[in-house]
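Everything on this sheet refers to the single structure shown next.
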Amino acid sequence: MPYGSRLAATMTRRLGRECVYTPSARLALYLALRRWCRPGARVLMSPVNDDVILFVVLAAGLRPVQAPVSMWDGNIDPAAVPESTWRNVDAVLTTNLYGLPDRVVELQRRCEELGIPLLEDAAHAIGTHVDGQPIGTFGKAAAFSLSKHVAAMAGGFLAVEDARTRRELELLRDDLLEPARLRTDLAAALRPLARSAVRSLHLVRPAWRTMQRLGLLERDDFRMPLHAPRLARSAREAPSLKAYEPWVRVDLHDFRSRHGALVRGQLKLRMAGLDANLAHRRVGTSLLSGTVWASPALRDRSTQEGPPPVFRVPLLVHDRDALVERLVNHGVVAGYIYDPPLDDYAGSEFAEPSPAPSAARWFASHVLPADPLLARRITAALTREQARTAYPPLLAPLPAPTPRTPLG
């Protein structure tokens with residue numbers, strides 16, 4: 001029986017697509033990029049994205065091409081992509097940022113016209129639908145993460161179109177997996193329990209401040225250090241997951257460790273609670289979408305059933321960075337901030353710059369991702385802090401930002 005096949009079967013029933021179980025979404029995405037993109041291929045993607053995803057694309061031996069985005073949700077704006085860019089990309093990678101869906105119908109149409117694959121990063125978007133169809137079923141493949149919606153901090157899937165492709169990818173996955181270790185399994189099983197205990201005991205603020213003081217966080221800022229000279233040397237070995245592992249493993253060191261029965265059993269239990277989790281997220285999203293800080297994209301993506309059960313609700317605020325620091329005092333740690341955009345962060349050596357970067361810069365510098373499961377606490381904290389709503393400029397493009405800390 002293939003590794004993780006029971007978990008994969010559960011996801012297959014949910015999506016209606018064949019699924020491969022992986023220890024993480026980043027490994028699932030790497031498998032998809034290797035399967036559908038030849039080395040040297042150019043991949044169109046949003047610059048408002050996790051830096052880990054940039055490094056996964058580089059590890060697959062590909063050239064990241066940064067797209068213009070919507071200033072309301074950070075996802076690719078297909079209409080703003082120049083025709084010259086469309087004619088020179090070999091694949092499109094969605095983001096579905098925070099669970100707000102990409103314009104997948106239009107992206108799917110353009111990819112079919114061009115004869116290139118559409119690959120979906122659905123890590124934030126379990127449970128999100130477009131026109132009644134689940135995100136993760138529009139492209140050739142879709143990467144999902146269990147570490148997000150069910151707070152498992154491990155586990156992922158790659159959804160594909162047919163059983164033959166699934167079997168091919170299972171073999172590729174098995175070649176990349178590291179052996180199971182009891183210590184790694186115990187850590188993976190205990191991490192979500194420890195995080196839950198910290199929250200339930202109202203220890204978020206002291207725990208976070210202590211980690212900051214002890215230097216236990218791998219990121220001093222929203223982006224990890226780039227280490228450009230070493231990154232350039234790694235390109236000589238691409239495609240190679242091992243060569244890029246110092247970047248790809250950040251925040252999840254066991255991203256390709258084979259999980260034993262302990263972790264897989266815990267994941268099975270957490271998946272059983274997924275629908276309840278999504279229902280709670282929908283309630284919190286509805287509450288936050290009614291606040292003055294909510295991005296209009298929430299209203300645009302709402303259906304008759306209400307807003308999507310997003311992973312994070314994008315709020316748009318002034319003085320976002322200072323506000324993030326003050327929210328810790330209210331027991332709220334705001335993660336998943338992707339600032340600056342990837343082309344400003346990595347430079348033209350490692351990513352082709354967007355032809356229209358202003359919207360990404362504005363959105364990335366003002367968005368505050370709010371956990372819908374903490375909607376009331378966050379709303380109360382923002383009210384006490386007298387947070388001001390941010391509105392985009394109507395005229396001149398924004399200049400390239402100066403990084404807050406050295407990234408090279």
In the range 218-250, anything out of contact with any Asp or Glu (no Cβ under 7 Å at 6 or more places or on another chain), in a loop (DSSP other than H, G, I, E, B) and open to solvent by 30 Å² or more (accessible area, probe 1.4 Å) is listed as R219, D220, D221, P225, H227, A238, P239, K242, R249
Assuming V317 fulfils every condition listed in (1) within 30 Å of R38 (Cβ to Cβ); (2) modelled with pLDDT of 95 or more apart from one, which condition is it? (1)
Number of the condition not met by R42 [criteria: (1) more than 25 Å from A228 (Cα to Cα); (2) surrounded by fewer than 19 Cβ atoms within 10 Å (Cβ to Cβ)]: (1)
Could you run through the range 313-356 and say how many residues are open to solvent by 30 Å² or more (accessible area, probe 1.4 Å) and part of a loop (DSSP other than H, G, I, E, B)? 11
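Answer yes or no: is there a residue in the range 100-115 that is in contact (Cβ under 8 Å) with a residue 12 or more places away in the chain, of a type in the set (A, V, I, L, M), farther than 18 Å from D300 by Cβ and assigned to a strand (DSSP E or B). Explain how you work it out, then say what you get.
Our first condition is that a residue be in contact (Cβ under 8 Å) with a residue 12 or more places away in the chain; within the range 100-115, this holds for 100-108, 110-111, 114.
The next check asks that each one be of a type in the set (A, V, I, L, M); those that pass are 100, 104-105, 107, 114.
Within this subset, residues satisfying the condition of being farther than 18 Å from D300 by Cβ are 114.
Filter once more, so that each one left must be assigned to a strand (DSSP E or B): none.
Looking through the range 100-115, none of the residues is in contact (Cβ under 8 Å) with a residue 12 or more places away in the chain, of a type in the set (A, V, I, L, M), farther than 18 Å from D300 by Cβ and assigned to a strand (DSSP E or B).
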Of the residues in the range 317-331, those that are of a type in the set (K, R) and either in contact (Cβ under 8 Å) with a residue 60 or more places away in the chain or touching a Cys at 6+ places or on another chain (Cβ under 6 Å) (or both) come to R320
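Does R299 fit the bill of being farther than 22 Å from F144 by Cα, surrounded by fewer than 21 Cβ atoms within 10 Å (Cβ to Cβ) and among the basic types (K, R)? Explain how you work it out, then say what you get.
Values: farther than 22 Å from F144 by Cα: yes; surrounded by fewer than 21 Cβ atoms within 10 Å (Cβ to Cβ): yes; among the basic types (K, R): yes.
In short, yes.
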Search result, residues across the range 135-183 that are at pLDDT 95 or above and part of a loop (DSSP other than H, G, I, E, B): I135, G136, T137, F138, G139, K140, E161, D162, L177
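The values are calculated or read from the model by the stated rules, or taken from the named source; none is laboratory data. Predicted, not measured: the structure shown is a model, and the values here were computed from it. For neighbour counting, all protein chains shown are included, and Cβ atoms are generated from backbone atoms with ideal geometry for every residue, glycine included. The area values use the complete protein model at the heavy-atom level, side chains included, leaving out ligands, DNA and RNA. Shrake-Rupley method; radii C 1.70, N 1.55, O 1.52, S 1.80 Å.
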